[in-house]
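Rule-based calculations on the coordinates, nothing more; no lab input. Keep in mind it's a predicted model, so treat the numbers as computed, not measured. Don't worry about glycine lacking a Cβ; one is built from the backbone with ideal geometry, like all the others, and counts go over all protein chains shown.
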Amino acid sequence: MASKIEFAVNMTCEKCVDAIKNCLSDNKDIQKVDISLDRGTVLVETKLPYTIIQEKIESSGKRAVLKGFGDNSSAVSMIGGTSGFSKNKLIQGVVRFIETQKGCIVDGTIDGLDPGDHGLHIHECGDISNGCESVGQHFNPYNCSHGGLEDDISNRHMGDLGNITADTAGRALFRFQNNDLKVTDIIGRSLVVTENADDLGRGQNSNSKIDGNSGLKIACGIIARSCGIFENTKKICSCDGKTLWDERDELKKKYTQLLDFKNINLDEKR
Ligand code: ZN
């Protein structure tokens, strides 16, 4: 199921428009591209994760910031970083939830993980005042046992999103769809990543039917409402007067420093 994604891109002339069109052409997973030089926006209809589209646009040499997502309700959870919580302060990511007529699309990128599988769950409370310890249990409105994303809703918690897989660089990039999940039901709750893989309720451990025996909650973020396409007119951050582009560069710089820090730590352990 494709969804619409809107980016702000710092285009200055028709040449920029052509360069971006070029970067997004010839891909069967990109259904539609609509570029407005006046508004400084690129609207893409696609099945691909937004990070991949962002990287494609930026391969033109222009910077891109995500502005809006989906025709209807959408929500976002900032994992780790300054808005969320990460136990070791290294995990950072953004996960988006987009309501469509055929269910909810979950699209995210989380960095700084140990390579391999990690459980991903929606928890009932949006309280991270005590890190991932104050988020309550898995979101479970029908009072069921723990299961996997593919199980019938009567055999899983609503908040059971299965596993995400981090590559050798520690990045998990994912996009999946679930028909039972509604964006309006999960706004104000939280999203949690676990240390270990989720056994989807199929293990022998006593925690299997509770949390998939997925171990410690290592990073989390509150799920908040986010802008749909054309809803976000922001060009300057209201809190400090910085432009979208300043904000983005600062985040990138900070994150690169974090990664360097992690690499140094890894080297020391070897
Ligand atoms: Zn569960």
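Is the shape of the range 146-209 best called rounded, prolate or oblate, per the rule: a/c under 1.5 gives rounded, else a/b larger than b/c gives prolate, else oblate, with a ≥ b ≥ c the square roots of the Cα gyration tensor eigenvalues? Here the range 146-209 falls in the oblate category.
Packing-based ranking of 29-38, 186-195, 57-66 yields 186-195, 57-66, 29-38, ordered from highest to lowest mean Cβ neighbour count within 10 Å. The mean sequence distance of close C-alpha pairs (under 8 Å, at least 6 residues apart), as a share of the length of the chain, puts its relative contact order at 20 percent.
Peptides 143-152, 39-48 ranked from most to least packed, by the mean per-residue count of other Cβ atoms within 10 Å: 39-48, 143-152. Let me know the shape class of the range 67-167, please: from the alpha-carbon gyration tensor, a ≥ b ≥ c as square roots of the eigenvalues, rounded when a/c is under 1.5, otherwise prolate if a/b is greater than b/c, or oblate. Judged from the Cα gyration tensor, the range 67-167 comes out rounded (a/c under 1.5). One Cα centroid belongs to the range 119-156, the other to the range 194-225; the line between them spans 9 Å. Each Lys or Arg adds one and each Asp or Glu subtracts one; over the other residues with Cβ under 14 Å from the Cβ of THR46, this totals -1. Summing +1 for each Lys or Arg and -1 for each Asp or Glu, what net charge is found among the other residues whose Cβ lies under 13 Å from the Cβ of GLN137? Around GLN137, the surrounding residues sum to -2. Remark: spin-label model distance LYS209-ASP18 equals 6.6 nm, labels positioned 7 Å along the Cα→Cβ axis.
Modelled spin labels at LYS32 and ASP114, positioned 7 Å past Cα toward Cβ, are 4.5 nm from each other.
For the listed peptides 175-182, 80-87, 118-125, a ranking on the average number of other beta carbons within 10 Å per residue, highest first, reads 118-125, 80-87, 175-182.
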